Amino acid sequence: MTSLSNRRALVTGASSGIGARTAIHFARGGAHVFLVGRDRARLEETAADCPRSTVIVLDVRDADLVQRELSKLDCDLVVNNAGMALGADKLPLGDAREWSTVIDTNVKGVLHVAQATLQSMASASRGDHVFLGSVAGRQVYPGGSVYCATKHAVRAIYETLRLDMAGSGVRFTTVDPGMVQTDFSLVRFRGDRDRAAAVYQGVSPLTPDDVAEAIVWAVTRPQHVNIGEIVMWASAQASTTVVTRRG
């Protein structure tokens, strides 16, 4: 296990959930963490639990702002985590404006962050770039056409970067969890708390800490080891469509 001490880590979507918990684990391990997100108040809450951190308020969909603010940080550890879903309608009933929001965040946002941070890593011949994928990037499910498409895209970006940057010294990892209890479903169902809670009813889902610990494990392997892909399921979840619920 290598140390996180003195590493410069950037985490997008750090205001809550997996992003927040990953940032906290990094900071407690000795890294200086740059907390990126849109909500300053929630980022400050994360920062309160991070011994060494800097808050950066931006929207990953803004390519120029991402390039201007993130390219100068000289980070050697990036968790490209920001993502979302809106709605679970079958495609003919979907909202094209929501599709654009999800695609711009989950695909273009990922590209913007990668482009802004990888050049300095390549120049230093070292670094870790972690993508937060999803089992939805491996299996589709009803009502998930747009979200699943974006996570399949993230997996394609990860696989292509492994080829584009072969020999650069930069390690690439994709962590693809299944059901994780965060605000994801609350956002997806536009604030409907009952509908969001029903997703996890009768199940012990993964927690943000479960995913954060997997990320920490991957990026602290010896330099000659690259943990490429981690797929995580709740024990009760056999696939994107098969979940065993208590009662």
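Couple of notes before you dig in:
- Other-chain or far-sequence residues with amide H under 5 Å of ARG38's (modelled H): LEU58
- Straight Cα distances below 12 angstrom link LYS72 to none of the aspartates and glutamates, with same-chain residues fewer than 8 positions distant left out.
- Sorted by Cβ neighbour density within 10 Å, fewest at the top, the residues TYR141, TYR158: TYR141, TYR158
- Local net charge near ASP89, Cβ-Cβ under 14 Å (Lys/Arg +1, Asp/Glu -1): +2
- Degrees, to the nearest 10: 109-124 long Cα axis against longest axis of the chain: 20 degrees
- Whichever lysines have a C-alpha closer than 20 Å to that of LYS151, once near sequence neighbours (fewer than 8 apart) are set aside: LYS90, LYS108
- Cβ-Cβ distance of ASN226 and SER204, R₀ of 22 Å, FRET efficiency by 1/(1 + (r/R0)^6): the value works out to about 0.10.
- Summary of the geometry: the range 135-156 and the range 224-247, compared by the centres of their Cα atoms, lie 15 Å apart.
- Annotation: extensible slack from LYS90 through GLN119 equals 6.5 nm (criterion: 0.36 nm per residue apart, minus Cα-Cα distance).
- Percent antiparallel among DSSP beta bridges (both partners in the chain, rounded to 5): 5 percent
- FRET E, pair TRP217, ARG97, Förster distance 41 Å, beta-carbon r, rounded to 0.05: 0.60
Read the figures in this text as sums done on the coordinates, not as results from a lab. Predicted, not measured: the structure shown is a model, and the values here were computed from it. Neighbour counts run over all protein chains shown; Cβ positions are idealised from the backbone, glycine included.
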